[in-house]
Amino acid sequence: MATYLRHPATVVWLILAAATGVSWWFGAVHGLAIGKPDAGTGAMILALAFIKTYLILQHFMEVRHAPLPLKIVSGSWVVLVGGIVVGLYLLAGRG
Amino acid sequence: MSGQPVRRDVTSATDNSTPVAGRAAATTGHIPGEAGVWVFVLGDMTAFGVFFAIFMLYRSRNLELYLSSQAQLNMGFGILNTLLLLASSWCVVMAVVAARSNRLVAAPRFFQAAFLCGLGFMGVKALEWSEKLHHGIGLTRNEFFTFYYMLTGIHFLHVIVGMVVLAFLWRRSCRPLGKPLDRVLLESGATYWHMVDLLWIVLFPLFYLLK
């Protein structure tokens with residue numbers, strides 16, 4: 001079992017879990033504490049989500065060992081979809 | 001793992017590739033599984049990308065409704081589901097590592113663990129939806145909930161398919177990787193399951209966290 005826990009993907013999992021916790025804290029706790037929507041917080045939560053998808057692609061789905069075209073296409077998805085989602089989020093204005 | 005001979009080549013557990021595949025990866029790159037699976041996976045991710053964008057667009061036009069509706073979602077369930085899928089993906093990574101090293105006890109156990117996490121996810125979703133429906137919050141309640149049920153529902157269908165894939169891999173991993181096809185199936189199935197996790201990673205903040 002120790003061999004598996006020492007695997008690099010375990011570190012990635014810990015980062016993903018921590019990022020989930022950070023996002024939850026900002027979305028739930030911080031949001032409640034300040035009592036109003038905050039554009040920067042929301043954008044950060046979304047950005048974190050797409051960073052997580054990138055980590056999953058690279059380290060769980062082994063894209064970092066993949067041929068360049070696959071790296072480019074999967075990376076483009078992260079940037080394009082992430083960019084559009086964050087952009088539309090900020091477009092909403094107040095929130 | 002007990003019952004297995006001690007192996008000195010445990011470096012295989014720190015490198016996802018076998019020695020041969022490792023050399024290949026360094027020069028040409030290795031596509032995990034069948035290339036066709038990646039065409040499907042990237043296509044599916046693109047479709048969901050479009051869904052995400054449409055949701056965010058409609059959200060920007062009706063922010064108050066979306067914010068007040070979101071407040072009715074159970075964030076604890078959302079967090080739990082995220083952690084369950086992340087854990088299941090880790091298990092699948094380890095299952096693949098184990099299978100590549102022909103660990104015929106460890107690999108099925110990891111697939112089993114991933115399967116159980118998937119069951120947990122489905123259970124939480126069922127609980128969450130039934131609780132909503134019990135309070136009369138259904139598909140046609142408002143625009144937010146239409147999106148919510150549609151997107152998490154489509155995702156749920158993907159999870160069901162993923163569970164079939166995991167069950168298949170769970171069984172197959174009791175046998176060594178004999179033919180190249182075995183390895184292709186292993187990696188293809190794993191790739192699909194990670195996609196299911198990846199999609200939820202975006203769905204979760206979209207519906208549960210954005211203020």
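The values are calculated or read from the model by the stated rules, or taken from the named source; none is laboratory data. For clarity, every value in this text was computed on a predicted model and none was experimentally measured. Here the Cβ positions follow ideal geometry from the backbone for every residue, glycine too, while neighbour counts run over all protein chains shown. What goes into the accessible areas is simple: the full protein's heavy atoms, side chains included, and nothing from ligands, DNA or RNA. Shrake-Rupley method; radii C 1.70, N 1.55, O 1.52, S 1.80 Å.
General remarks:
- Output for the stretch A:45-74, where each listed residue is open to solvent by 20 Å² or more (accessible area, probe 1.4 Å) and within 14 Å of the chain's Cα centre (by Cα): A:Ala47, A:Leu48, A:Ile51, A:Tyr54, A:Leu55, A:Gln58, A:His59
- For B:Thr82: the one exception among (1) among the polar types (S, T, N, Q); (2) assigned to a helix (DSSP H, G or I); (3) in contact (Cβ under 8 Å) with a residue 12 or more places away in the chain; (4) more than 8 Å from chain A (Cβ to nearest Cβ): (4)
- Residue in the stretch B:92-108 that is more than 23 Å from B:Arg171 (Cα to Cα) and open to solvent by 40 Å² or more (accessible area, probe 1.4 Å) present: no
- When B:Leu67 is tested against the conditions (1) of a type outside the set (Lys, Arg); (2) at the interface with another protein chain (Cβ under 8 Å from one of its Cβ atoms); (3) closer than 17 Å to B:Thr152 by Cβ, the lone failure is (3).
- Among (1) without any contact (Cβ under 8 Å) to a residue 40 or more places away in the chain; (2) crowded, with 22+ Cβ neighbours inside 10 Å - the single one B:Leu166 does not satisfy: (1)
- Scanning the stretch A:10-44 for residues that are open to solvent by less than 20 Å² (accessible area, probe 1.4 Å), farther than 13 Å from B:Leu83 by Cα and at pLDDT 95 or above returns A:Thr10, A:Val12.
- Near pairs, Cβ below 6 angstrom, 6+ apart or cross-chain, from the stretch A:3-16 (farther than 21 Å from A:Thr53 by Cα) to any residue that is surrounded by 20 or more Cβ atoms within 10 Å (Cβ to Cβ): A:Thr3/B:Ala13; A:Tyr4/B:Met94
- Residue within the stretch B:130-137 that is part of a loop (DSSP other than H, G, I, E, B), among the β-branched types (Val, Ile, Thr), open to solvent by less than 80 Å² (accessible area, probe 1.4 Å) and over 28 Å from B:Thr191 (Cα atoms) present: yes
- Total residues in the stretch B:88-108 satisfying the condition of being in a helix (DSSP H, G or I) and touching a residue at least 60 places away in the same chain (Cβ under 8 Å): the figure is 13.
- Residues that are surrounded by 20 or more Cβ atoms within 10 Å (Cβ to Cβ) and under 24 Å from B:Leu42 (Cβ atoms) within the stretch A:79-95 comprise A:Val81, A:Gly82, A:Val85, A:Tyr89, listed in sequence order.
- Any hit, the stretch B:145-161, residues being open to solvent by less than 20 Å² (accessible area, probe 1.4 Å), more than 30 Å from B:Ala190 (Cβ to Cβ) and outside any helix (DSSP H, G or I): no
- Scanning the stretch A:65-78 finds no residues that are in contact with a helix residue (DSSP H, G or I) (Cβ under 8 Å, 6 or more places away or on another chain), more than 7 Å from chain B (Cβ to nearest Cβ) and either modelled with pLDDT under 95 or not in a helix (DSSP H, G or I) (or both).
- Out of B:Gly76, B:Gly118, one residue alone is assigned to a helix (DSSP H, G or I) and buried (at least 22 other Cβ atoms within 10 Å of the Cβ). It is B:Gly118.
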